[in-house]
Amino acid sequence: MFLGEDTGLDRHRSGRADLGELPGPIHARTRAPSAPGCVFSRHVKKVLIDCDPGIDDALALALIAGSRDALDLVGVTTVGGNVDLSLTTANALALREFLDLGDVPVTPGSAGALLRHTVRATVHGTSGLGTVVLPAPARGPSPGHAVDFIVDTLRAAPGEITLVGTGPLTNLALAVRKEPRVVEWARDLVIMGGSYTRGNHTPAAEFNMLADPEAAAIAFEAGWTVTMVGLDVTLTAVVNTAVLDRMRPLGRLAELLVPGAQSYKEVTDDGGPAIHDACAVAYVLDPSLFTCVPAVVNVETAGVHTRGMTVTDFTVPGGRANALVATALDVPGFWELMFGAYGRLSARLG
Ligand code: BDR
Ligand code: CA
């Protein structure tokens, strides 16, 4: 997808009708080796990220910031999720300047879920960024609402923009409701959310799905193919001691990464936090790091104990899949990608 090759994944890009016969797991290890220094670019992908920073959202934004050669960030939209919208927006604004993201617009969106009570995460601390303290931003948010920004931005560049969702899907669902053609206009939708094996906020539900299950259901039922980068893979992207040690020498960037990872309370069995949201951006940068399987994903909205669960059926007949579900991650490859980007960003930030 980056190198102009047909990895097989392009066929899964733009709507369930394109899925055709179910091919089983997609191991995108088919591309030719790249020349040194040409790992990513011939095509720069346009990306719009809808997020709720959030420590791992911040680390995802840092991955974008360090991947200028491969990604053109056209917008950041914010949603209430990990913490209130005022804080996710304030964090996004501070991150835009700290990470040298230029004049990319930051547009606030929905404060809470479409229908039900608000759910917040506690693992990111009261500010949303743990113990990280960033300089106060000089610039404020863009006027208008995230939903309008998403619709207008996709309308202006049909087929070009990959949407990345790393928070509750409220803004994206409202965009679909407001202008159903966003489903055709988006190049891709890649989300961090859900799981086919387990939850993290409840035994059944992953946080972003639980925080707005009705919105997630709308997103999965909209007619496009949702690439679901869920807990099944993100829980393997763990900042363990060795990873933390690689973050320490990264200058100013380390002032975000290290205290962020240390104060992120989403601790896994492997002894460190999983940086879920960075995995969704990593997928956009290099899908070959992931194994993906087409499936039908339905979001449970009515269950007492299973609300927000992403019920995943890998046995559906060809053509009916609405999702491409990540089932495995090349973890060493993921960290090489991450530290390549973080190294470049650190060189810029000093
Ligand atoms: C997701 O929930 C949030 O707390 C994180 O930012 C991530 O998007 C992981 O379940
Ligand atoms: Ca998030």
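The values are calculated or read from the model by the stated rules, or taken from the named source; none is laboratory data. Quantities reported herein were computed from a predicted structural model and do not represent experimental measurements. Glycine also receives a Cβ, built like all others from the backbone with ideal geometry; neighbour counts cover every protein chain displayed.
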Of all residues in the range 284-298, which are under 18 Å from the mean Cα position of the chain (by Cα), buried (at least 22 other Cβ atoms within 10 Å of the Cβ) and under 18 Å from Y196 (Cα atoms)? F290, C292, V297
Of G260, G308, which residue is within 17 Å of A205 (Cβ to Cβ), surrounded by 16 or more Cβ atoms within 10 Å (Cβ to Cβ) and within 16 Å of ligand 2 (Cβ to nearest atom)? G308
Checking the structure you have, find out if any residue of the range 61-80 is of a type in the set (D, E) and over 17 Å from the mean Cα position of the chain (by Cα). yes
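Taking the criterion of being farther than 22 Å from I64 by Cβ and away from ligand 1 (no atom under 16 Å from the Cβ), would at least one residue in the range 279-291 satisfy it? Lay out the reasoning, then the answer.
From the range 279-291, those farther than 22 Å from I64 by Cβ are 291; that's our starting set.
If we keep only those that are away from ligand 1 (no atom under 16 Å from the Cβ) too, we end up with 291.
The answer is yes; a qualifying residue exists.
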Among the residues of the range 333-341, are any more than 23 Å from L48 (Cα to Cα) and surrounded by 22 or more Cβ atoms within 10 Å (Cβ to Cβ)? no
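From T197, T234, T166, T162, which residue is closer than 21 Å to A302 by Cα and touching a helix residue (DSSP H, G or I) at 6+ places or on another chain (Cβ under 8 Å)? Don't jump to the end; show me each part of the working.
Numbers: T234 fails: closer than 21 Å to A302 by Cα; T166 fails: closer than 21 Å to A302 by Cα; T162 fails: closer than 21 Å to A302 by Cα.
The match here is T197.
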Enumerate the pairs (first residue in the range 48-72 and among the hydroxyl-bearing types (S, T, Y); second residue anywhere and within 16 Å of ligand 2 (Cβ to nearest atom)) with beta-carbon separation below 8 Å, excluding pairs fewer than 6 apart on the same chain, so at least 6 apart or on different chains. S67/V281
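May I ask you to verify whether G194 is under 24 Å from D100 (Cβ atoms), buried (at least 22 other Cβ atoms within 10 Å of the Cβ) and within 15 Å of ligand 2 (Cβ to nearest atom)?
Working: under 24 Å from D100 (Cβ atoms): no; buried (at least 22 other Cβ atoms within 10 Å of the Cβ): yes; within 15 Å of ligand 2 (Cβ to nearest atom): yes.
In short, no.
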Report, by residue number, each residue of the range 99-113 that is within 20 Å of the chain's Cα centre (by Cα) and either at negative phi or polar (S, T, N, Q) (or both). L99, L101, V104, P105, V106, T107, P108, G109, S110, A111, G112, A113
Any residue at all in the range 140-147 that's more than 12 Å from T77 (Cα to Cα) and in contact with a helix residue (DSSP H, G or I) (Cβ under 9 Å, 6 or more places away or on another chain)? yes
Out of curiosity, is V183 in contact with a Phe, Trp or Tyr (Cβ under 6 Å, 6 or more places away or on another chain) and in a strand (DSSP E or B)? no
Where P203 falls short, out of the listed (1) within 19 Å of the chain's Cα centre (by Cα); (2) assigned to a loop (DSSP other than H, G, I, E, B): (1)
Is there a residue in the range 221-239 that is away from ligand 2 (no atom under 15 Å from the Cβ), of a type in the set (G, A, S) and closer than 14 Å to L169 by Cα? yes
Scan the range 53-78 for residues that are out of contact with any strand residue (DSSP E or B) (no Cβ under 6 Å at 6 or more places or on another chain) and within 14 Å of ligand 2 (Cβ to nearest atom) and jot them down. P53, G54, I55, D56, A58, L59, A60, L61, A62, L63
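Test D57 against the stated conditions and say whether it is within 16 Å of ligand 1 (Cβ to nearest atom) and not aromatic (F, W, Y).
Values: within 16 Å of ligand 1 (Cβ to nearest atom): yes; not aromatic (F, W, Y): yes.
Yes.
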List every residue pair whose Cβ atoms sit under 7 Å apart, with the two residues 6 or more apart in sequence or on different chains, where the first one lies in the range 128-155 and is among the hydroxyl-bearing types (S, T, Y) and the second, anywhere, is surrounded by fewer than 21 Cβ atoms within 10 Å (Cβ to Cβ) and modelled with pLDDT of 95 or more. T131/P259; S142/P105; T153/V74
